[in-house]
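Engineer: Here it is: the structure, laid out below.
The values are calculated or read from the model by the stated rules, or taken from the named source; none is laboratory data. On a predicted model such as this, the values are computed, not experimentally measured, just so you know. Neighbour counts run over all protein chains shown; Cβ positions are idealised from the backbone, glycine included.
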Amino acid sequence: MNREQLMKIVEQYCRKSDPGASKIKVVRIRDQKTTFIEQHGESGRSIDLTEHQVDGKTYWAGYSSYSETVYISQAA
């Protein structure tokens, strides 16, 4: 997933607009996170989040191709 696609998903989530028929899940994680560990059984994957600006607010978001999930965290 490229940065533009991720930004579109973040905007849709933050503005609570309909994401359409997408198989990508969006999960809100604890605020102020820039890295997230996605658990897979006894192991995990580190998902690095990138900064995005939506309507004057800062969000951090990252995509996991393994679970087809976007993780979103709001900055302070």
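Engineer: Of a type in the set (Asp, Glu), modelled with pLDDT of 95 or more and out of contact with any His (no Cβ under 6 Å at 6 or more places or on another chain): is that true of Glu42 in this structure?
Structural biologist: no
Engineer: I'd like the full set of residues that are surrounded by 12 or more Cβ atoms within 10 Å (Cβ to Cβ) and in a loop (DSSP other than H, G, I, E, B), limited to the stretch 32-66.
Structural biologist: Once the filter is applied, which keeps residues that are surrounded by 12 or more Cβ atoms within 10 Å (Cβ to Cβ) and in a loop (DSSP other than H, G, I, E, B), the stretch 32-66 yields Lys33, Thr34, Leu49.
Engineer: Can you tell me how many residues in the stretch 37-64 are more than 11 Å from Ala75 (Cα to Cα) and either of a type outside the set (S, T, N, Q) or in contact with a Cys (Cβ under 8 Å, 6 or more places away or on another chain) (or both)?
Structural biologist: Counting residues in the stretch 37-64 that are more than 11 Å from Ala75 (Cα to Cα) and either of a type outside the set (S, T, N, Q) or in contact with a Cys (Cβ under 8 Å, 6 or more places away or on another chain) (or both) gives 15.
Engineer: Give just the number: which of (1) touching a Pro at 6+ places or on another chain (Cβ under 6 Å); (2) within 13 Å of Ser73 (Cβ to Cβ) does Thr34 not satisfy?
Structural biologist: (1)
Engineer: I would also like to ask the following. Scanning the stretch 57-76 for residues that are of a type outside the set (Ser, Thr, Tyr) and touching a Gly at 6+ places or on another chain (Cβ under 9 Å), which turns out farthest from Val26 (Cα to Cα)? Spell out the reasoning first.
Structural biologist: Filtering the stretch 57-76 for residues of a type outside the set (Ser, Thr, Tyr) gives 57, 60-62, 68, 70, 72, 74-76.
With the extra rule that they be touching a Gly at 6+ places or on another chain (Cβ under 9 Å), the set shrinks to 70, 72.
Numbers: Val70: 5, Ile72: 7 Å.
Residue satisfying both the conditions and the ranking: Ile72.
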